[in-house]
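Colleague: Got a structure for you, questions after.
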Amino acid sequence: MEPKKTFTYLMLIICGLVMVIPFVWMLTTAVKSQLEINKGNIGFLPLETETVYEDSKIRYRAKVIMEEADSCYVHLFDEEGKIIRKYQGITTASGKVVDEYMKVPQSAIKDITKIALHFENFVTAFNKVPFARYFLNTIIVSFSVVIGVVITGALAAYAFARMRFVGREFIFYFFISMMMVPQPVYLIPSYILLNYLGMIDTYYALIFPWITNIFTIFLLRQQFKTVPQELFDAAAIDGCSRFGILWKIVLPLSKSVLATAAIFGFIGSWNSFMWPLVMTDSPALRVLQVGLSYFSQEASSQTALLMAASTFSILPLLILFLFAQRQIISSFASSGLKG
Amino acid sequence: MVKKKLDFGPYLYILPAAVIIFLFRLIPIILSFVVSFFEWSITGVGKFIGIANYVQVLHDAEFWQSMLNTFYLVIFVVPIGLILALFFANLLNSIEKLKSFFRSVYFIPTVTSMVAISIVWKIMFNQQTGLINYFLGKIGIEPLGWLAESRGVFDLLLGSFGINFSSWIQSLSELVNIGYNTLYMILGGPSLALFSIIIVTIWKNLGYNTIIYLAGLQNIPEVYYEAARIDGANKFKQFFKITIPLISPTTYYVLMMTTITTFQVFSQIYLMTGPPIGGPLGTTKVIVYYLFDKGFGESNDLSYASAIALVLFAIILILTLLQRKLEKKVHY
């Protein structure tokens, strides 16, 4: 390879590492034991150091209690971490018999470092707060939003693209101008309004305001305009109704843009945070992002559990991304071409 | 074919979308003006107070600090983010092998939730158990305070060269008769804590901006570059004389999007800073968090929060118009 290409790939790899290292570290920290993290084991490998007693026959985990010149007193533990007392020679120097303390030669005590994967952290984190409920809430909300966005978007875009009526341009540009208003601006009055409508702290507050996406209307309108007029004429001659044309001809021809709209709607809804944080109060209605946020406050010192929770909360979208990379990236790219 | 006199059909098709937009966009916006002119709490409407809220905003030191912090966020995130994105889009555009692989890798943060990202980065920035100080330690740099550090980055930078920044500010403060804290906030730059937020925000945006730039680059016809090569222009010249001018519509779009979204940063602040959120010493309090806190925090002052929201809206609107003017100048 020529040196310039090598430089290019080197830069791309470095930047790629910067992009993925947080995720890799999240994963490796998620499977560490909290004890190791607190001891200062920060690197990527989930290593664990343990002291063991080993002779020709057996091997136990050990904890050194007291050391002498060439021997020491230890607790021995079995696999589950319980103290065991089966070993012979449990007499201390003073001649007393103490069951838990054992004198063993120094040479039989070793430190072993090995990789230990605490997958149980995922289960612990998942059950510590009702994450199953949070997932369910998020799924209910995001699926409702996606269905709503696609239906309202397709209907409105069909009218804007293929029908003539008084005020069409005005209404369309009015919609577009509403898109310019940033969310924090209507957050507070929406709260007042939803409170007045009795929707605060219900699913409705999370779903209704989002079942129309103006950008989706815009995107679908562009697409519907590209459907050739001949198809409409032919269908009209065959006696196809206006809705029939949308359903049987326009939508099947617009699958890719519909997928784009659904993807935007789903990712946006799945990841939205400030809105559900403000509009819901009861723990049973927490969506994943809000639940995760509360969990991060409650378990702020439990790094491993936090990382485990972060991992399984981003997993669904990562899997979606893995299977639909091309579609997702080109969807986002198309959002920039004519914004 | 006989035409009906009045066809309500089209309006029925628009109706669902129109109802939602009317109810949950237009009415709230009108309502927010109304609310900002009245005393208002969750119990209901109070007395008319006119522009009192807006007058109070102007005299609110916390508001100005939040504005300054937001401003810092924007002026660091936008240019750095743009330059990095253009750089990586160019690198991606110049390779064939593994192109889509790298593209996907850069894109992962874009589809990931800001909440999870904030949690991970907060732990990465941790002074004792964070990955960043661990890396710095490996190359022999002393651990930094990151999210816990309220001192400005310019102060820290000059300090590392042995310059006593605060004594400068002290003497300047006496000279121009402006309070020490105010001067320090402005001249010290964003706190290291805010700078940590800046890093995360750039990182999160980078993939999206790169993809947008890449799409823009692929739209530049290859013939321009061929002509330039024939004329003997080197890569450097090609980049500045062809790429930069022809990519300017994309630059305009990315600039506008990044500016607007950076003005609305909330989740990072809410999850990564504090306690109290916005700390240390309020150096990471941004405008959207401030209005959230005013509206739904202890004071529960929805009226004042609405006024702040509208000021934010005005600022974003003015910036959009200014950038549109700029666009006319740079559009080819």
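Colleague: Can you give the charge dipole size of chain B about its Cα centre, rounded to the nearest 20 debye, using +1 on the beta carbon of Lys and Arg and -1 on the beta carbon of Asp and Glu? Write out the running numbers ahead of the final one.
Modeller: Numbers: 22 positive and 16 negative charges, 259 e Å.
With only Lys, Arg, Asp and Glu charged at Cβ, the dipole is about 1240 debye.
Colleague: Could the peptides A:197-207, B:195-205, B:51-61, B:318-328 be put in order, highest first, of the mean number of other beta-carbon atoms found within 10 Å of their residues?
Modeller: Details: A:197-207: 17.5, B:195-205: 22.5, B:51-61: 14.2, B:318-328: 12.0.
The packing order, highest mean first, is B:195-205, A:197-207, B:51-61, B:318-328.
Colleague: Please list, or write none, the aspartates and glutamates whose alpha carbon is within less than 17 Å of the alpha carbon of residue A:5, excluding same-chain residues fewer than 8 places away.
Modeller: Residue A:5 reaches B:96.
Colleague: Ok, one more. Within chain A, which whole H helices from DSSP have a Cα span along their axis of at least 20 Å and a mean Kyte-Doolittle hydropathy of 0.0 or more, if any?
Modeller: Working: long enough: A:3-30 (39 Å, 1.45); A:131-162 (45 Å, 1.55); A:255-271 (24 Å, 0.98); A:303-323 (30 Å, 2.22).
In chain A, the long hydrophobic H runs are A:3-30, A:131-162, A:255-271, A:303-323.
Colleague: Follow-up question, since we're still on this one. Please report the orientation-averaged projected area of the range A:3-44, defined via the convex hull of its C-alpha atoms, in nm².
Modeller: Numbers: hull surface 13.5 nm².
Answer in nm², one decimal: 3.4.
Colleague: Residues with beta-carbon under 14 Å from that of residue B:66, excluding residue B:66: net charge, scoring Lys, Arg +1 and Asp, Glu -1?
Modeller: Numbers: positive: B:285, B:294; negative: B:60, B:62, B:293.
After counting each charged neighbour, the total is -1.
Colleague: Also, I was wondering about something else. Toward the positive end of the charge dipole of the protein assembly as shown, about the Cα centre and with charges on Cβ (Lys, Arg +1; Asp, Glu -1), which of B:295, A:16, A:51 goes farthest?
Modeller: A:16
Colleague: Moving to a separate point now. Would you mind working out the magnitude of the charge dipole of the range A:193-339 relative to its Cα centre, with +1 at each Lys and Arg C-beta and -1 at each Asp and Glu C-beta, to the nearest 20 Debye? Working shown, then result.
Modeller: Details: 8 positive and 6 negative charges, 79 e Å.
My answer is approximately 380 debye.
Colleague: Hydropathy at least 0.5 by Kyte-Doolittle, axial extent at least 27 angstrom from the Cα trace: which helices of chain B, defined as entire DSSP H runs, fit? Intermediate values should be presented prior to the final figure.
Modeller: Values: long enough: B:61-93 (47 Å, 1.54); B:192-218 (38 Å, 1.32); B:302-330 (41 Å, 1.38).
Helices passing the filter in chain B: B:61-93, B:192-218, B:302-330.
Colleague: For chain A, take the alpha-carbon Rg, divide it by the Kirkwood Rh, and send me Rg/Rh.
Modeller: On the way: Rg = 30.7 Å, Rh = 25.7 Å.
On the Cα set of chain A, Rg over Rh gives 1.20.
Colleague: What percentages make up the Cα-Cα pair-distance distribution of the protein assembly as shown when the bins are 10 Å wide from 0?
Modeller: Calculated over all Cα pairs of the protein assembly as shown, the distribution is 3, 12, 20, 23, 18, 11, 6, 4, 2, 0, 0, 0 percent.
Colleague: Quick one: net charge around residue A:126, please, counting Lys, Arg +1 and Asp, Glu -1 for every other residue with C-beta under 13 Å from its C-beta.
Modeller: On the way: positive: A:128, A:133; negative: A:120.
Taking every other residue near residue A:126 into account, the sum is +1.
Colleague: How much of the DSSP bridge set in the protein assembly as shown is antiparallel, in percent, rounded to the nearest 5? Don't skip to the end; give the middle numbers.
Modeller: On the way: 26 of 26 bridges.
Around 100 percent antiparallel, to the nearest 5.
Colleague: Are any of the pairs A:39/A:114; B:122/B:204; A:32/A:103; A:82/A:128; A:63/A:110; A:63/A:128 more than 22 Å apart by Cα-Cα distance, and if so, which?
Modeller: Values: A:39/A:114 15 Å; B:122/B:204 14 Å; A:32/A:103 32 Å; A:82/A:128 25 Å; A:63/A:110 11 Å; A:63/A:128 30 Å.
Distance filter (> 22 Å) returns A:32/A:103; A:82/A:128; A:63/A:128.
Colleague: Just in the range B:45-117: which trypsin sites (Lys or Arg not before Pro) are loop by DSSP and have at most 15 other Cβ atoms within 10 Å? Present the calculation step by step, with values, prior to reporting the outcome.
Modeller: Values: sites: B:47, B:97, B:99, B:103; in loops: B:97.
Counting only loop positions with at most 15 other Cβ atoms within 10 Å, the trypsin sites (Lys or Arg not before Pro) in the range B:45-117 are B:97.
Bear in mind these aren't lab numbers, they're just calculated from the coordinates by the rules spelled out. All of these numbers come straight from a predicted model, not from anything done at the bench. Counting neighbours? That spans all protein chains shown, and the Cβs are built from the backbone with ideal geometry, glycine included.
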